[in-house]
There are 2 protein chains.
Amino acid sequence: MSLDAVLARIDETLPQATDRLIDLLRIPSISTDPAFKADCDRAADWLVAELESLGFEASKRPTPGHPMVVAHAAGEGPHVLFYGHYDVQPVDPLNLWHRDPFDPAIEETPKGQVIRGRGASDDKGQLMTFIEACRAWKDVHGALPGRITLFLEGEEESGSPSLVPFMKENAAELTADIALICDTGLFESKSPAIVTMLRGLMGEELTIRGADKDLHSGMYGGVAMNPIRVLARIIAGLHDDTGRITLPGFYDGVTELSDEIRAQWQNLAFDHARFLGDVGLSEPAGEQDRTPLEMIWSRPTCEVNGIWGGYTGDGFKTVLPSEAHAKISFRLVGQQDPNAIREAFRAYVEAQLPTDCEVEFHGHGNSAAGQMQIDHPAFEQARQALSEEWGLAAAYVGCGGSIPIAGYFKTVLGMDAMLIGFGKDDDQIHSPNEKYDVESFHKGIRSWARVLEKVMG
Amino acid sequence: MSLDAVLARIDETLPQATDRLIDLLRIPSISTDPAFKADCDRAADWLVAELESLGFEASKRPTPGHPMVVAHAAGEGPHVLFYGHYDVQPVDPLNLWHRDPFDPAIEETPKGQVIRGRGASDDKGQLMTFIEACRAWKDVHGALPGRITLFLEGEEESGSPSLVPFMKENAAELTADIALICDTGLFESKSPAIVTMLRGLMGEELTIRGADKDLHSGMYGGVAMNPIRVLARIIAGLHDDTGRITLPGFYDGVTELSDEIRAQWQNLAFDHARFLGDVGLSEPAGEQDRTPLEMIWSRPTCEVNGIWGGYTGDGFKTVLPSEAHAKISFRLVGQQDPNAIREAFRAYVEAQLPTDCEVEFHGHGNSAAGQMQIDHPAFEQARQALSEEWGLAAAYVGCGGSIPIAGYFKTVLGMDAMLIGFGKDDDQIHSPNEKYDVESFHKGIRSWARVLEKVMG
């Protein structure tokens, strides 16, 4: 009954909630650009004031970069920590926006009402869904839903340099029973989902060196080994003909899906043809015995993200280059060990080097996959809550990318995280004309009210 | 007897000959830069006047670019055509020169006297060796050595755009029994040599396309084929484990060396270790059963001259690129057909393309190898003349690079060419501080006197 009252309150006060979000969106809290440092600070202050007005004990906490906002509500029962970020992406190219990115407004579109402005979806709109759910709860019950900590970052779009040190220094304060992260989307823009599997990422930049200077291919061609050829052979050997990665031990720690998760994914009826067709492709190219969804969410990969060497300008130059370079990254799943794979990769490359060639490596990134322990009761509670709000069975899904914060909650604070979000594929995050559907905002607030009702019991 | 008199005359008049070369070097005839157009014209005029003073019927002949200089001397016996070029390379970076490149002078160096200035070796010093030989001959005999045509180009350093059209329009006038080209060097800076084998060149730029836009490797990695991986596999497959090129039919038309040529090359005692050591290498990397000299002069190659795709800046970007590119070139020998090899290459690439990938090709260059018919008596006569002047057995050698003019004489005018030159490896052609050893100039003039004496009979 009381949940119904909270949901009704959310429906009635949506215009005011939207106005508050628009207020926050007006603050150009671009974290990568020092020119907006004061604006980041102002966004943090805005949030502190908002949370204090709701009865949270909130504070702006300094870091070497932009401040964190931490807020606590006391209470009985489970302790949940909510994470979001108040910083936004830069806005260039500005000429591609059809309105000032920091003069947000509700716009009517053929697909319905949207809130247009930088940060509307990523992540101010999303983090405000949770705060507005708390507000409606308090309006109806006279108190916040229970023992909640909010942890709002201002450096997510600039690499989160202060995040891990801050978490380590404040571990006792930030550790809860479970974390909620609102920075993801609906599955195919319509189905509610909880991300429980995130791929890890390990990158290597390598330089293959042959002769100690660039050579003329008329003079040395055929006699001096060409580093591009060596690099090509290294890259070509990383996959076998079936698309599997050949590094010894690479698949150690890769787990197969449970029948339950496999069934949930099948139930999502993912449109593989559209997914590929959207980018001009017709057939999945990876491991032959996996569906695209399995490949993206549950299988490791090896990709060449960049390659360069020799003459790359107009026309031809018959150079036999001294060096060739590549950036290669691995998406990791399950219990794969990034360090072991880095070592296996380097050993493989070194074994491929002919006489007179040498290699130099630079490691980039080293994050293991995130695999949540979904036996914590909050997972099933949240899944039911989301299914009820959206009228579609919510699923535990994977995420092909890497969301480092989820890994940090696990490795630094020992907490599992539920990644629940309401973004849509066409939200244009990181691009001009970012928007958040009013539907995402409204049903997002309602979703959190339902989740809190079940989880906080 | 009369040859001795000519050689003595050359020795006596060397200072005057050097002064004339220095005069010519003062003219900044840089052909690539339109600012020096009048200077190119002036260099042509200078040569016409010089040749007329020797009794040649000389003229400056217009082209759409810089003029040609053509000069004729009548006479009995074989008709030889001499080719050189009066244009020079640009001089930047000027700050690396230790004197004004167009204020040439004789300098003393630890290795002996040199003529320093742009064009001293490439090619004004070399072409003047022939003109000065004619002058000494005339001084002694009262007449030029016989039926000689000089053909001096002003666009060699800018791609020779007018050369083939001019040769075609003036084929009857320019066709002789044999061509002499003075634009090469001594073997290892000491042994006289006649280049009789020049490698051809065929280049292809290819673009492999996968998805119709760059993708995020978290989103599509493992599902969408990575064009860099396709390109790497294509490049890796072009050579087998023994260094041979795998394209079907590639070795059609590749001839083996005659025992005589092989013996001459062995006699050159080429220092393979130094050749490789100079560029930081220790072992030849090509076909296992060939010496480096054989590989460079007589074997075809396939080199990747450039490769690029994806993100190549600092740090990492987990892009799965839409395109990957490479510039690949083939050095050709013997009777290899550039068109057939281009077709075989394209067919090979197309057969390697997975579903959803396509390729675009751009051809660059298409020159067959030059293989001179050394049974023309002038070859053996010149080889003897050079051996006598230098006190070392002259050899018929190859050239790893491509000297298009030799091919044009063959294909357009049906003439074989002897490439004889006196440059040294440290002449710094195309670089700051270009020089020509006074020894090269002096013995070069004497060499031509001896060659003319034998060939013109």
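Data for the structure
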item	result
Using a 7 Å Cα-to-Cβ projection, residue A:241 label spacings across copies, nm, ascending	1.7
Segment residue B:12-residue B:107, length gained on full extension (0.36 nm per residue, minus Cα span)	32.2 nm
Part-to-part distance (alpha-carbon centres) for segment A:211-286 and segment B:2-65, which is given in Å	61 Å
Partner aspartates and glutamates for residue B:410 [C-alpha distance under 14 Å; skip if fewer than 8 residues away on the same chain]	B:177
Gap separating the Cα centres of segment B:331-394 and segment B:81-146, nearest whole Å	30 Å
For peptides B:418-427, B:264-273, sequence by mean Cβ density within 10 Å, most packed first	B:418-427, B:264-273
Cα→Cβ-extended label distance, 7 Å offset, between residue B:139 and residue B:76, nm	2.7 nm
Computed [θ] at 222 nm, deg cm²/dmol, chain A (DSSP H ≥ 4; -39,500 (n - 2.57); rounded to nearest 500)	-10500 deg cm²/dmol
Helix runs (DSSP H) in chain A reaching 18 Å along axis by Cα, Kyte-Doolittle at least -1.0	A:37-53, A:124-141, A:338-352, A:377-390, A:438-455
Antiparallel bridges, percent of DSSP beta bridges restricted to the protein assembly as shown (to nearest 5)	75 percent
Fully extended contour minus Cα-Cα distance, from residue B:269 to residue B:314, at 0.36 nm per residue	11.5 nm
Inter-probe distance in nm under a simple model that places probes 7 Å from Cα toward Cβ, at residue A:339 and residue A:360	2.6 nm
Calculated label separations, residue A:260, copies of the chain, 7 Å along the beta-carbon direction, nm	8.8
Per-residue average of Cβ from other chains inside 10 Å of B:283-296	4
Shortest-first distances to equivalent copies, position residue B:366, nm, label 7 Å out along Cβ	5.4
Over 24 Å between alpha carbons, listed pairs A:190/A:454; A:168/B:317; B:168/B:435; A:213/A:317; A:124/A:190; B:327/B:424	A:168/B:317; B:168/B:435; B:327/B:424
The protein assembly as shown - convex hull of alpha carbons, volume per residue in Å³	184 Å³
Added length on full extension, which subtracts the Cα-Cα distance from 0.36 nm per residue, residue A:212 to residue A:393	59.0 nm
Label-to-label distance, nm, for residues given as residue A:53 and residue B:348 (7 Å Cα→Cβ offset)	7.1 nm
Within chain B, percent of DSSP bridges classed antiparallel, to nearest 5	70 percent
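Bear in mind that the values in this text are calculations on the coordinates, not laboratory data. The model shown is predicted, which means the values in this text are computed figures rather than measured ones. Because the Cβ atoms are built from the backbone with ideal geometry, glycine has one as well, and the counts that use them run over all protein chains shown.
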